Protein chains: 2
Amino acid sequence: MGKVGPGINPTPPELNEAAGDWKTNELLWITKNDMRMSGMPAWGVTFSDDDIWTITAFARKLPTMTQRIPGVEQSEAFDEGEVALVDLPTFRRIPRHVAFIPDGNRRWAQNRGLRKEESYASGLEPGFQLYDICRALGIEELTVYGFTSDNTKRPPEQTAAFQQACVDAVEGLSKLDASLLVVGNDDSPLFPPELKPYRTRQVLGNGTLKVNFLVNYDWHWDLSKAAIDVSGTTSGMRRSFMERIGSSEVSRIDLVVRWGGRRRLSGLLPVQAVYADFYIIDDLWPDFKPEHFFNALRWYESQDVSLGG
Amino acid sequence: MGKVGPGINPTPPELNEAAGDWKTNELLWITKNDMRMSGMPAWGVTFSDDDIWTITAFARKLPTMTQRIPGVEQSEAFDEGEVALVDLPTFRRIPRHVAFIPDGNRRWAQNRGLRKEESYASGLEPGFQLYDICRALGIEELTVYGFTSDNTKRPPEQTAAFQQACVDAVEGLSKLDASLLVVGNDDSPLFPPELKPYRTRQVLGNGTLKVNFLVNYDWHWDLSKAAIDVSGTTSGMRRSFMERIGSSEVSRIDLVVRWGGRRRLSGLLPVQAVYADFYIIDDLWPDFKPEHFFNALRWYESQDVSLGG
């Protein structure tokens, strides 16, 4: 019988036992303030903190129900020990590479009477949830739009806030399994220096999921990288051009999912997005629900992939 | 009293008189088989052919009604002399540059039991109607996706059909007022040789409307043009890169309108589309209705233009 509460550190087998009849495609999220754990039973969840955790889980066939994890004994202090169980659907065809544009943070803050710069921290946990879902579904590569050099024209307190959110996101990712590359213009003072090591792809944990994170990204910087280095040869230009752009390590995008209702790329990776399908969600990013992404994937299943041919 | 029929050539004042109380933002289309005339009363419409014409007009406040043009006397042979009068709406804010992706021709043909290659000719008249609407609304620049080098992977009879449709479109445009540039890889045998003169922008008529027509366009050809010519200098790269791409004369796109339900760029001008708003119409392109574009423009009115700032 697993126990969750102060001073108790269930080990993965204990949790799996506690979880009882969970399916391998059910996803467990455990978060408490800025601490988080996540995993599927098959991944071997471990607890690294002895504080109280809020437990949230995805599970099959209980889309809206809130219930306790079967077999998990509640400690007295564990007053947030209920779990919302949400089905993790299966899909006939999933995109290999999905790009996410998590827009609408500032509008979300304004709707709540917060200052615009107070919005970005609320965008972190949804990002980790997306990471978990992508990993659970077997998506191979994901790209997240952090901020672009265009965004840095905003007031300095906003710029500072989304720069910090990007640093925090990478800090969080560094504890997970990801092959992480930060793509952006790091010659600029607007690029957070803490992220410079990730300008070369870093394998974190077992690195199963390729994650590209756009930080101080600039589409013009990206493309003109190809122009800077090339001499007058025309032979082999196709390979040469694609190998020389600033984002050469980012593959072709199959699906772009954008929150916040805008129907535009806003400068996201023009080369990789040439054939991508776009799916727009009207809800604002901090109001992320897993169902948003599931709906995008259900829509994507019905799209052909012709690349113009 | 104007007259339309065999052997009668009304002059512009006669037509304006015949049109009676038409407003300056009402649009007149006159088509008969492959002959066409169009204009607004203010443009001074002239008739260049003494054949019978079918008259179709946009006019105010009669969105679905079919009626005769007031004051135009019908000749006996003029059995198609009824006009469908459709309001040409006014907009608070219109895009400066709109790109059109006229997709769905092949599905349209299949729905009618036609061969796929029989669809493209039916896409011509809608294109001219869009030209007329853009001109009437004061849109400054429009780009039309003819075909890309990706499309030429299709069966040769289809490729031949859309190549011919592009030649016919330019032939039609050459009788109108347009500043026409064809953008595409003309080093390839897939580029129709008749269109080579338009690889340099040609002013046709009074050239009020800038028209860019993508013919054998290839996003990679476009971007790598910048790489081919540039030596190792880094100074002034922003200007230099933008001036050296293959589509350097095509300006930033404000709005992309796509028919046929697909939500993707399909390789359309990646540099110019980085900030563009996308509007998707589920109807197939040969089923074009002016209301499609008006709906797109109504939606566009409510979008902000932030360019990421």
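The values are calculated or read from the model by the stated rules, or taken from the named source; none is laboratory data. This structure is a prediction, so every number in the text was calculated from the model and none was measured. Please note: Cβ atoms are built from the backbone with ideal geometry, for glycine as well, and neighbour counts cover all protein chains shown. These accessible areas exclude ligands, DNA and RNA; they are computed on the full protein's heavy atoms, side chains included. Shrake-Rupley method; radii C 1.70, N 1.55, O 1.52, S 1.80 Å.
Please count how many residues of the range A:228-253 are open to solvent by 60 Å² or more (accessible area, probe 1.4 Å), within 11 Å of chain B (Cβ to nearest Cβ) and at pLDDT 70 or above.
3
Can you tell me which of (1) within 13 Å of another protein chain (Cβ to nearest Cβ); (2) buried (at least 21 other Cβ atoms within 10 Å of the Cβ) is the one A:Asn185 doesn't meet?
For A:Asn185, the failing item is (2).
Looking only at the range A:281-309, filter to residues that are surrounded by fewer than 15 Cβ atoms within 10 Å (Cβ to Cβ) and among the hydroxyl-bearing types (Ser, Thr, Tyr); which one of those is modelled with the highest pLDDT?
Looking at residues that are surrounded by fewer than 15 Cβ atoms within 10 Å (Cβ to Cβ) and among the hydroxyl-bearing types (Ser, Thr, Tyr), I get A:Ser302.
In the set B:Gly205, B:Gly260, which member is in contact with an Asp or Glu (Cβ under 8 Å, 6 or more places away or on another chain) and either open to solvent by less than 10 Å² (accessible area, probe 1.4 Å) or within 14 Å of another protein chain (Cβ to nearest Cβ) (or both)?
Working: B:Gly205 fails: either open to solvent by less than 10 Å² (accessible area, probe 1.4 Å) or within 14 Å of another protein chain (Cβ to nearest Cβ) (or both).
Of B:Gly205, B:Gly260, the one residue that is in contact with an Asp or Glu (Cβ under 8 Å, 6 or more places away or on another chain) and either open to solvent by less than 10 Å² (accessible area, probe 1.4 Å) or within 14 Å of another protein chain (Cβ to nearest Cβ) (or both) is B:Gly260.
If we scan the range B:139-148, do we find a residue that is among the acidic types (Asp, Glu), within 22 Å of B:Ile280 (Cβ to Cβ) and surrounded by 18 or more Cβ atoms within 10 Å (Cβ to Cβ)? First the steps, then the outcome.
Keep residues of the range B:139-148 that are among the acidic types (Asp, Glu), which gives B:140-141.
Among the residues that remain, those that are also within 22 Å of B:Ile280 (Cβ to Cβ) are: B:141.
From the residues that got through so far, the ones that are surrounded by 18 or more Cβ atoms within 10 Å (Cβ to Cβ) too are B:141.
Yes, because at least one residue in the range B:139-148 is among the acidic types (Asp, Glu), within 22 Å of B:Ile280 (Cβ to Cβ) and surrounded by 18 or more Cβ atoms within 10 Å (Cβ to Cβ).
Quick one: B:Ser122 ticks every box in (1) farther than 30 Å from B:Arg92 by Cα; (2) surrounded by fewer than 22 Cβ atoms within 10 Å (Cβ to Cβ); (3) over 16 Å from the mean Cα position of the chain (by Cα); (4) of a type outside the set (D, E, K, R) except a single one, so which number is it?
Answer for B:Ser122: the failing condition is (3).
Kindly list, by first and then second residue, each pair from a residue in the range A:132-158 that is facing another protein chain (nearest Cβ under 10 Å) and within 18 Å of A:Ala276 (Cβ to Cβ) to a residue that is part of a helix (DSSP H, G or I) and open to solvent by less than 30 Å² (accessible area, probe 1.4 Å), limited to pairs with Cβ atoms under 9 Å and residues at least 6 apart or on different chains.
From the range A:132-158, the pairs are A:Thr148/A:Trp219.
Filter the range A:125-148 down to the residues that are over 12 Å from the mean Cα position of the chain (by Cα) and modelled with pLDDT of 95 or more, then identify the one that is nearest to A:Thr208 (Cα to Cα). Walk me through how you get there before you give the answer.
Just the residues of the range A:125-148 that are over 12 Å from the mean Cα position of the chain (by Cα), to begin with: A:136-138, A:140, A:147-148.
From what is left, the residues that are modelled with pLDDT of 95 or more are A:140, A:147-148.
Numbers: A:Glu140: 8, A:Phe147: 25, A:Thr148: 26 Å.
If we take residues in the range A:125-148 being over 12 Å from the mean Cα position of the chain (by Cα) and modelled with pLDDT of 95 or more, then A:Glu140 is nearest to A:Thr208 (Cα to Cα).
Which members of the range B:271-309 meet the condition of being within 10 Å of another protein chain (Cβ to nearest Cβ), closer than 29 Å to B:Ala109 by Cα and in a loop (DSSP other than H, G, I, E, B)?
Scanning the range B:271-309 gives no hits.
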